[in-house]
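Structure, as structure tokens:
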Amino acid sequence: MGLMDMIRGEFVDIIEWLDDTRTTLAWRFPRYDNEIKNGAELIVREGQRAVFVYRGQLADQYGPGHYTLTTENMPIMSTLQGWRYGFNSPFRSEVYFINTRPVTDMRWGTPQPVTVRDPDFRMVQIRANGTAMVKVTDVEVFLRQMIGTNAEVDADVLSETLRNNMALAFSDMVLASGLGAIDLQGRQVELSGKLGEFVAQRLSGFGIGVDQVTLSISLPEEIQQAMTRGVARGVEAGGFMNNVDLNRYQQMQAADAMLAAAQNPGGGMGAAMQAGMGMVLGGQMAGQMQGGFAQPAPQQAAAPQQAAPPPLPGQQVFHFDNGGQAAGPFPIEQLRQYVSAGQLTRDTNVWAEGMAGWVAASTVPALQTLFAAPPPLPGTPPPLPPH
């Protein structure tokens, strides 16, 4: 056997791709000097597409099937190489196999928070993450934009491209929706389809299509706490919000005091607090369902007999020990009701801002009038001296 016969025997006669990874998107068939025999066999399996590239130009493409490479089934290659009457072996060409099956569970997330204008919470920074199912839809564009001169392209390269474009698409979708943070989170299933449309527009420039997108929106912890309490308020913390309304902040503090008192297991006051709190929050939730978060109504601190408004700004308020739980703060006039009910006595420990610690109520000058005995009625004889 001569040298030329040995070389001809080394030319490729079967071209195929056996892929068992399911994560490789493109693979270049390896061969010596890019030479292929006349009449070579090409095997393209389901979920694959074979593309011939001659001197940087895209030539013939083949879907799933078994082919014998001849002039008749290689029209573009015949034109590029000037084969008028058939070709003589060997011919030179690069062969790429493209994976056209969907790639599932491609995870994505916003690397930076997205700022949303919210009617209740002013400016809110939210994050989003989820999964996507993508696949190669335009082989020619994918070959030029994603493969280049690489011999292999795997899902990691596509994952990076997906994350970058998904974050931009999410920002575009939020801006186009015009929704606040609460509405965005409440309509995640509906918005996932919109997000798929936005990201599909961006990925089409890479020859990639989007079959499915899942979306999960995360709100700041401060917003979640406010939603749980049913109180729409701004919190100036962590840079999430600014321009906090002082009236809302005071209402929030009154709500916190009400919650603390409602958790008191002893006495009737805890039950009264819970009932009052339920009425207030119920009214607020009704306002929310009629068109977003309503302006919070002024919080009321419950008394044993009747409810009272929160203390005026600058008015001194006190906490008192109610069965081992701190109740309050309450102004002095409201404390008089607890004295009448027997829940606040001379020996009950009290505390107010500026005091070093808890002390008996009778030792506080401002509270001594609560325990003063009333003068005798006219005509009542003075009490007898003790024996």
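The values are calculated or read from the model by the stated rules, or taken from the named source; none is laboratory data. In this text, all values refer to a predicted model and were calculated from it rather than measured experimentally. Note: ideal-geometry Cβ built from the backbone for every residue, glycine included; neighbour counts use all protein chains shown. Ligands, DNA and RNA are excluded from the accessible area calculation, which covers all protein heavy atoms including side chains. Shrake-Rupley method; radii C 1.70, N 1.55, O 1.52, S 1.80 Å.
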With the crude spin-label approximation of a point 7 Å out along Cα→Cβ, what separation in nm comes out for V359 versus E190? 6.0
Run the 1.4 Å probe and let me know the accessible area of D211, rounded to the nearest 10 Å². 80
Here the relative contact order (percent) of the range 27-85, from C-alpha pairs under 8 Å and at least 6 apart, is 30
Suppose the chain between T131 and I43 were pulled fully straight at 0.36 nm per residue; how much longer would it get relative to their current alpha carbon spacing? 28.4 nm
Spin-label model distance (nm) - R122 vs D211, 7 Å beyond Cα toward Cβ: 4.6
Between Q145 and T228, what is the FRET efficiency for a Förster distance of 30 Å, r being their Cβ-Cβ separation, to the nearest 0.05? 0.05
Potential extension, T115-T71 segment - 0.36 nm per residue separation minus Cα distance: 9.9 nm
Label-point separation, I332 to D19 (7 Å along Cα→Cβ), nm: 8.3
